1. Once every DSSP H run of n ≥ 4 in the chain is given -39500 (n - 2.57) and the sum is divided by its residues, what mean residue ellipticity at 222 nm do you get, rounded to the nearest 500 deg cm²/dmol?
2. What's the magnitude of the charge dipole for the chain around its Cα centre, counting Lys and Arg as +1 and Asp and Glu as -1 at the beta-carbon? Answer in Debye, nearest 20.
3. Say R0 is 25 Å: what FRET efficiency, to the nearest 0.05, do ASP13 and GLU151 get from their beta-carbon distance?
4. Can you list the residues, at least 5 places off or on another chain, whose amide H is less than 5 Å from the amide H of VAL119, using H built in the peptide plane?
5. Rounded, prolate or oblate: which one fits the chain, using the alpha carbon gyration tensor with axes a ≥ b ≥ c (rounded when a/c is under 1.5, else prolate when a/b beats b/c, else oblate)?
6. Which shape class, rounded, prolate or oblate, goes with the stretch 92-189 when its Cα gyration tensor gives a ≥ b ≥ c as root eigenvalues, a/c under 1.5 marks rounded, and past that a/b bigger than b/c marks prolate?
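Readers should treat all values here as calculations from the given coordinates under stated rules, not as data from a laboratory. Predicted model only: the values in this text are computed from it and were never measured. Here Cβ is always computed from backbone atoms with ideal geometry, including for glycine, and neighbour counts include all displayed protein chains.
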Amino acid sequence: MGQQMPYFKYHPDPIRTGVFQTGQTVACSCCGKETDIWLKSEHICPDCIHSGKAYDKFGADSNLNSVYDYNTDYREQYTGMIDEANIEELLHRTPGYLCNQYPVWPVHCNDFCAYIMTVHEGNLIQMGILEEIKTYLRKEGAFDEGDYGTEMRLKNPEAYAESILIGGCDRYLFRCLHCRKYLLRYDYD
Ligand SMILES: [Zn+2]
Ligand SMILES: [Zn+2]
């Protein structure tokens with residue numbers, strides 16, 4: 001790979017997560033330069049995402065950003081709690097991640113968390129964090145609020161955690177940039 005990947009703090013390894021592709025050279029449809037790393041969904045280079053140029057050019061119509069503007073409450077919801085610059089960075093200068101519904105970013109320590117990768121139970125065992133994630137699911141669940149599983153979690157935390165870890169959903173692992181805690185989100189097809 002000839003090119004350097006800029007650092008996306010909310011999505012630190014976007015080649016491993018499959019959001020960017022490599023292996024040949026394409027022309028970036030934003031800056032026109034040749035690039036050997038591009039968004040899986042469109043020929044856009046990482047620099048154009050990182051600088052905000054792609055967002056300025058294609059805006060929310062483009063399938064390139066994290067939370068887009070159709071999730072406008074992100075801004076309203078977190079203004080005052082999260083630094084404006086961080087909200088801006090997530091919404092306009094961070095590549096989204098591949099998921100069934102639309103990418104959501106959990107919040108911890110007054111900041112968005114970093115998306116690590118999509119996981120199954122085996123990955124968590126390998127990483128040595130299965131118990132940590134189980135405890136997290138039992139106690140806090142996999143959504144900030146309004147999780148339809150909350151009732152189930154309160155009634156039977158163990159079954160709830162199991163249903164997420166081995167159920168038919170996709171699981172997205174995040175990590176707090178500040179206290180390093182792992183969090184999990186999930187969605188269904
Ligand atoms: Zn570009
Ligand atoms: Zn934290």
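1. Helices in the chain give a 222 nm mean residue ellipticity of -8500 deg cm²/dmol.
2. Numbers: 18 positive and 28 negative charges, 93 e Å.
Its charge dipole is roughly 440 debye.
3. Working: r = 35 Å, r/R0 = 1.41.
After rounding to 0.05, the efficiency reads 0.10.
4. Long-range HN contacts for VAL119: ARG171, TYR172, LEU173.
5. On the way: a/c = 2.19, a/b = 1.64, b/c = 1.34.
Judged from the Cα gyration tensor, the chain comes out prolate (a/c at least 1.5, a/b above b/c).
6. Values: a/c = 1.37, a/b = 1.33, b/c = 1.03.
Here the stretch 92-189 falls in the rounded category.
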